[in-house]
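Data first, discussion second: the structure below is written as structure tokens.
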């Protein structure tokens, strides 16, 4: 009887010790290790095609008129010679983009704030990070970033290029929370599918932050969008447009909207605008770049970086391509609809010292019909193929 009781007590004591050590280990784990029931990241089971998708030729699939425009303006493509797109590299980038293991607690992926269904933007004004806190600004769409010739990324241009930008949200204390890049590297080394993916992309199984940034950049540069009703209209002299859509385009060109949201060379009335952000990036070059949301901005935007008065309230100008899918709008997501955006430009422009030369204090007079026509036109910039293209979709099978 005594022996039996002693054995029972020894078993209980052993289990309490094991549980105590287990709890201590979980509390000390930074970052949290991948959990069971998936390939190891909380995202699901990785499902890649036997034959890789074609990412290399995404630019070459543009309409002929845009290919001609690109050939005449090669400086628009910000792809560096040291990181060309390969199918293997972009495939790795796609996996990384959707992998929640890149966050400290396996809850947030890049795709958590950049949804394919919303042209790779977010549906909320400020996105939630790994522990539920919200970011300062609205998540910008990441479509056609390859064709931003100034290369700089984020609303305030703080990243010099896409390669720099890709790693910054991973280390952000609100967004993904990784303490440092060495921790990220060590974590990904322990996930079963990454050695082969890195080997295919870069010729070695070594997982480094430089390669992570390069692979993510390759995937992002492959996400291009030129298959809209507008692009088809350019090629058939807008025979596919309604009168409202065509009048909306003409109003935008007449009232200088296209000077900021396209390129100068094709922005004038009656021209076939590229709707690429080429010349007016958002940086104040002397003619103003503020869009009159406020007289004095709490969020100074680019001014926080330069500390110059002329940059107060200066933000990167977003593309209008797929704009019907990317609500809410502005750097802080203050406008829920395109109607609200146009009402601002028609009647709400404030007298900011750095107000853009195209802006008018009080607003740019637009009738109800003109506003309706502009919205009708903006919807022609939607690329329905982009939002369902499988090569850009989540590779983790739930």
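The values are calculated or read from the model by the stated rules, or taken from the named source; none is laboratory data. As the structure is a prediction and not an experimental result, all values here were calculated from the model. Quick reminder, even Gly has a Cβ in these numbers, built from the backbone with ideal geometry, and neighbours come from all protein chains shown.
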Looking at (1) assigned to a helix (DSSP H, G or I); (2) closer than 28 Å to residue 97 by Cβ, find the lone condition where residue 227 falls short.
-> (1)
Selection from region 55-78 of residues that are under 10 Å from residue 147 (Cβ atoms), under 19 Å from the mean Cα position of the chain (by Cα) and crowded, with 16+ Cβ neighbours inside 10 Å = 59, 76, 78
Taking region 297-311 and keeping only residues that are touching a helix residue (DSSP H, G or I) at 6+ places or on another chain (Cβ under 8 Å), touching a residue at least 40 places away in the same chain (Cβ under 8 Å) and under 20 Å from residue 160 (Cα atoms), one is left with 301, 302, 305, 311
Residue by residue through region 312-332, note down the ones that are surrounded by 20 or more Cβ atoms within 10 Å (Cβ to Cβ) and either at positive phi or outside any loop (DSSP other than H, G, I, E, B) (or both).
-> 313, 314, 322, 323, 325, 329
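Identify the residue in region 140-164 that is in a loop (DSSP other than H, G, I, E, B) and touching a strand residue (DSSP E or B) at 6+ places or on another chain (Cβ under 6 Å) and, among all such residues, is nearest to residue 226 (Cα to Cα). Can you show your working first?
Of region 140-164, the ones in a loop (DSSP other than H, G, I, E, B) are 140-144, 148-152, 154-158, 160-161.
Filter once more, so that each one left must be touching a strand residue (DSSP E or B) at 6+ places or on another chain (Cβ under 6 Å): 141, 156.
Details: 141: 15, 156: 26 Å.
Only one residue fits best here, namely 141.
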Mind checking which residues of region 333-349 are surrounded by 18 or more Cβ atoms within 10 Å (Cβ to Cβ) and not in a helix (DSSP H, G or I)?
-> 333, 335, 349
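Listed here are the residues, each with its yes/no results for (1) outside the structural domain of residue 116 (by TED's automatic domain parsing); (2) touching a helix residue (DSSP H, G or I) at 6+ places or on another chain (Cβ under 8 Å); (3) under 15 Å from residue 320 (Cβ atoms).
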| site | (1), (2), (3) |
| --- | --- |
| 209 | no, yes, no |
| 259 | yes, no, yes |
| 270 | yes, yes, no |
| 273 | yes, yes, yes |
| 281 | yes, no, yes |
| 295 | yes, no, no |
Could you say which residue among 84, 49 is closer than 17 Å to residue 392 by Cα, loosely packed, with under 13 Cβ neighbours inside 10 Å, out of contact with any helix residue (DSSP H, G or I) (no Cβ under 7 Å at 6 or more places or on another chain) and at pLDDT 95 or above?
-> 49
